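Below is one structure; the comments refer to it alone.
We did not get these values from a lab; they are worked out from the coordinates using the rules stated. In this text the structure is predicted, and so the values were computed from the model without any measurement. FYI the Cβ positions are ideal-geometry reconstructions off the backbone, even for glycines, and counts take in every protein chain you see.
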Amino acid sequence: MKLRVLAAGLILGVMMTGGVTQAATKDGQKVVAIDAGHQLRGNSSLEPNGPGSSTKKAKVTSGTSGKASGLGEYQLNLQVAKKVKKELVARGYKVVMVRTKHNVNISNVERAKVANAAKADAFIRIHANSSESASVSGALSIAPTANNKYMSKKVRKASQKFSKKMIRKYCAATGARNRGVMYTDTMTGINWCKVPVTIIEMGFMSNRAEDLKMASASYQKKMVKGIADGVDAFLK
């Protein structure tokens, strides 16, 4: 994603439809939904930016790509998302994946609705960043503003809390520069959420060094730990 930087019982089965994976949950088990941002091909058709909004945005874009690694953002996001799922399952969570492959066509509204339908306790939207300046680096999270008119007050405040905890834990685990929380009401995939949500922008693919780090297995291990720690900090 390119942003302008301003300073009842056992698991019984699995159902897959259109790239969405869901599973039954144990009693009391926390549910985490994961959206690996973007997909192989974007969809420029328009959808409302929020419920009842007259403002419309593209349903989904293909994202950015690595300056040095050559990886598409959609590829990196899914690599990390699958590893985060494995880690969260090991920590006792039920995980719902919005997509498990690249060749899907799932809009941002539909992605939010997957998390809503799962009644997720937390919804992580995994992304990587890009800047016109190759020197810009670091991670940030994205949350709704205090004036967001699409979300309930409870979900809005929970999303802000989740975003703060996520970026702090992610940067502690990775050593990435902490660019803090970006507050905006322009994200369709946030505005349609009825559950706590954050976007984690893991680093800048436009920065050669950071791009190569994010593509490496050793650094991805740190990224995964940071994201899982962020979930723990919010839900436990």
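Tabulated results
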quantity: In nm, spacing of pseudo-spin labels at Y183 and A68 (7 Å Cα→C-beta vector); calculated: 3.5
quantity: Part-to-part distance (alpha-carbon centres) for region 37-60 and region 189-236, which is given in Å; calculated: 22
quantity: Cα centre as origin, Lys/Arg/Asp/Glu Cβ charges: region 112-236 dipole, Debye; calculated: 560
quantity: Exposure proxy ranking, count of Cβ atoms within 10 Å, fewest first, for V104, V95; calculated: V104, V95
quantity: Estimated inter-spin distance, S133 and Q29, nm [label 7 Å along Cα→Cβ]; calculated: 4.6
quantity: For the chain, size of Cβ-based charge dipole, Lys and Arg +1, Asp and Glu -1, in debye; calculated: 460
quantity: Label point distance in nm, K236-N43, each placed 7 Å from Cα along Cα→Cβ; calculated: 3.6
quantity: Hz values of 3J(HN,Hα) by residue in region 186-193 - Karplus curve (6.51, -1.76, 1.60), Gly and Pro given as x; calculated: 9, 8, 4, x, 8, 4, 8, 7
quantity: Ranked list, fewest to most other Cβ atoms within 10 Å of each Cβ, for F234, F123, F162, F204; calculated: F234, F162, F123, F204
quantity: Violating pairs (Cα-Cα greater than 18 angstrom) within the set K26/K154; K30/K119; K85/K221; calculated: K26/K154
quantity: Positive minus negative residues near V31 (Lys, Arg vs Asp, Glu; Cβ under 11 Å); calculated: +3
quantity: Relative exposure of I124, I200, judged by other C-beta atoms within 10 Å (fewest first); calculated: I200, I124
quantity: Length-normalised contact order of region 30-235 in % [C-alpha pairs under 8 Å, at least 6 apart]; calculated: 28
quantity: Per-pair calculated FRET efficiency, R0 = 25 Å: A146 and K119 via Cβ, rounded to 0.05; calculated: 0.50
quantity: Set of aspartates and glutamates near K83 by C-alpha distance (under 13 Å), chain-local residues within fewer than 8 positions excluded; calculated: D35
quantity: Proximal aspartates and glutamates to K153, defined as alpha-carbon separation beneath 20 angstrom and excluding residues fewer than eight positions away on the same chain; calculated: D121, D185
